[in-house]
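Engineer: Once you've had a glance at the structure underneath, I'll fire off some questions.
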Amino acid sequence: ILDDINLHMHCGQMVALIQQFKQHHPQVRIALRDGILLDLLDDLQHGRLDLVFGRLSPEIAGRGLEAREMCRTEVCIVASDPALLQAENLADLLHHPWVLPLPGTPMRIEFDRLCEAAGCDAPADLIESNTPHLMVELMRGSGRLGMAPSALAESWAASAQMHARPFPGRFTSEPIGLISVAGKRHLPAVARFLDLSATEMAADPSPAQIA
C-alpha cells in the first residue's frame, strides 16, 4: 500500500503522475497531505511518510535523503484587484499590505532574500499563513497582495477571480521533486510509483544523493 505521498505544492506533472499511477493500480490507496517542509522531512525520516513532494532546498542536505528533480516554477504576485499589480518595482509593491507564507518556509525564505537583494524591508502590514484557501480569502477584496507558484496562481485566477503577474525581475522557485529516504527498501507500491516517476519525468531518472 502506498500510504502517504505529500503533495507539497501544485505541479501539473505530479497531478498527472498520480492520475496515471491510479489508472494502473486502482487498488492502491494514496493519501495526500500538506505541511511545512521541515516537518514533512522529519515524518519521512521516521517512517510516517513514504515520499515527500516539495522543494529541493538546502534544508534537506545531510539527512540521508535522495531526491529526483521534477520541475521548477515561476512565482507570481497575486491580488484581487489588478490595479494593485501595476507597479514596476518591488519597493512600490511592498508598500501594500501582504499575505505571506510563514517564516522559515522555503518560499518565505526566498521572498525575504529577494527583498534583501533589492534593498527593501519586508511589508510593514502583513498576515502570515500557509493555508492556500485562507490566503485567497484574506486577499479577496481586501487590497492585500500575496504570492504563489504560477500553477496555483492560475488556479486562483480561474476559480476565485484573482489576478497575477510575475515578480519584477522574475522569481523562480528552487527545484521541486520527489524526496525519499536513501537506501530504504520501499513497499512494492511505493517502488512502482518511483519507477513510474523515473520513466515519465524529463529530468535525469537516477535519484541524486543529497550531500
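Engineer: Can you tell me which residues in the stretch 30-46 are aliphatic (A, V, I, L, M) and either touching a residue at least 40 places away in the same chain (Cβ under 8 Å) or open to solvent by less than 60 Å² (accessible area, probe 1.4 Å) (or both)? Don't jump to the end; show me each part of the working.
Structural biologist: Here is the first cut: in the stretch 30-46, the ones aliphatic (A, V, I, L, M) are 30-32, 36-38, 40-41, 44.
Across the stretch 30-46, the qualifying residues are 30, 31, 36, 37, 38, 40, 41, 44.
Engineer: While we're on this one: I need the full set of residues from the stretch 185-211 which are at pLDDT 85 or above, exposed (fewer than 15 other Cβ atoms within 10 Å of the Cβ) and either part of a loop (DSSP other than H, G, I, E, B) or of a type in the set (Phe, Trp, Tyr) (or both), in order please.
Structural biologist: Those that are at pLDDT 85 or above, exposed (fewer than 15 other Cβ atoms within 10 Å of the Cβ) and either part of a loop (DSSP other than H, G, I, E, B) or of a type in the set (Phe, Trp, Tyr) (or both): 185, 187.
Per-residue answers, yes or no, for (1) more than 28 Å from residue 178 (Cα to Cα); (2) surrounded by fewer than 16 Cβ atoms within 10 Å (Cβ to Cβ):
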site	(1), (2)
48	no, yes
62	no, yes
77	no, no
93	yes, no
105	no, no
124	yes, yes
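Engineer: Still on this structure: Select from the stretch 152-181 the residues that are within 30 Å of residue 64 (Cα to Cα), open to solvent by less than 40 Å² (accessible area, probe 1.4 Å) and modelled with pLDDT under 90 and list them in ascending order. Let's see the steps before the verdict.
Structural biologist: Let us first name the residues in the stretch 152-181 that are within 30 Å of residue 64 (Cα to Cα), namely 171-181.
Among the residues that remain, those that are also open to solvent by less than 40 Å² (accessible area, probe 1.4 Å) are: 171, 173-181.
Passing the criteria: 171, 173, 174, 175, 176, 177, 178.
Engineer: Hey, another quick one. Can you pull out the residues in the stretch 37-68 that are modelled with pLDDT of 85 or more and at positive phi?
Structural biologist: Answer for the stretch 37-68, where residues must be modelled with pLDDT of 85 or more and at positive phi: 47, 64.
Engineer: With the checklist (1) modelled with pLDDT of 90 or more; (2) more than 22 Å from residue 38 (Cβ to Cβ) in hand, flag the one item residue 126 doesn't pass.
Structural biologist: (2)
Engineer: Given the criteria acidic (Asp, Glu), modelled with pLDDT of 90 or more and over 30 Å from residue 200 (Cα atoms), does residue 116 qualify? Give the steps one after another, and end with the answer.
Structural biologist: Working: acidic (Asp, Glu): yes; modelled with pLDDT of 90 or more: no; over 30 Å from residue 200 (Cα atoms): yes.
No.
Engineer: Helices (runs of 4 or more DSSP H) wholly in the stretch 85-165 with at least 2 residues that are basic (Lys, Arg) - which ones? Explain how you work it out, then say what you get.
Structural biologist: Values: elements: 90-93, 106-117, 132-139, 150-160.
In the stretch 85-165, the matching helices (runs of 4 or more DSSP H) lie at 106-117.
Engineer: If you go through the stretch 127-142, how many residues are out of contact with any Ser or Thr (no Cβ under 8 Å at 6 or more places or on another chain) and open to solvent by less than 50 Å² (accessible area, probe 1.4 Å)? Quick ask: steps written out before the conclusion?
Structural biologist: Kept after step one, since they are out of contact with any Ser or Thr (no Cβ under 8 Å at 6 or more places or on another chain), are these residues of the stretch 127-142: 127-129, 131-134, 136-137.
Those left that are additionally open to solvent by less than 50 Å² (accessible area, probe 1.4 Å): 129, 132, 136.
The total comes to 3.
Engineer: Further, regarding this structure: Mind listing whichever residues of the stretch 64-75 are under 18 Å from residue 182 (Cβ atoms) and crowded, with 17+ Cβ neighbours inside 10 Å? Show your work before the answer.
Structural biologist: First, the residues of the stretch 64-75 that are under 18 Å from residue 182 (Cβ atoms): 64-70.
Passing the criteria: 65, 66, 67, 68, 69, 70.
Engineer: Does the stretch 69-80 hold any residues that are at pLDDT 90 or above and part of a strand (DSSP E or B), and which are they?
Structural biologist: 77, 78, 79 - these are the residues of the stretch 69-80 that are at pLDDT 90 or above and part of a strand (DSSP E or B).
Engineer: Still on this structure: Conditions first: (1) outside any helix (DSSP H, G or I); (2) modelled with pLDDT of 80 or more. Residue 5 passes all but one, so which condition is the exception?
Structural biologist: The number of the failed condition is (2).
The values are calculated or read from the model by the stated rules, or taken from the named source; none is laboratory data. Note that the coordinates shown come from a computational prediction; the quantities given were computed from them, not determined experimentally. Note that each Cβ is placed from the backbone with ideal geometry, even for glycine, and that neighbours are counted across all protein chains shown. Accessible surface areas use protein heavy atoms only, side chains included; no ligands, DNA or RNA. Shrake-Rupley method; radii C 1.70, N 1.55, O 1.52, S 1.80 Å.
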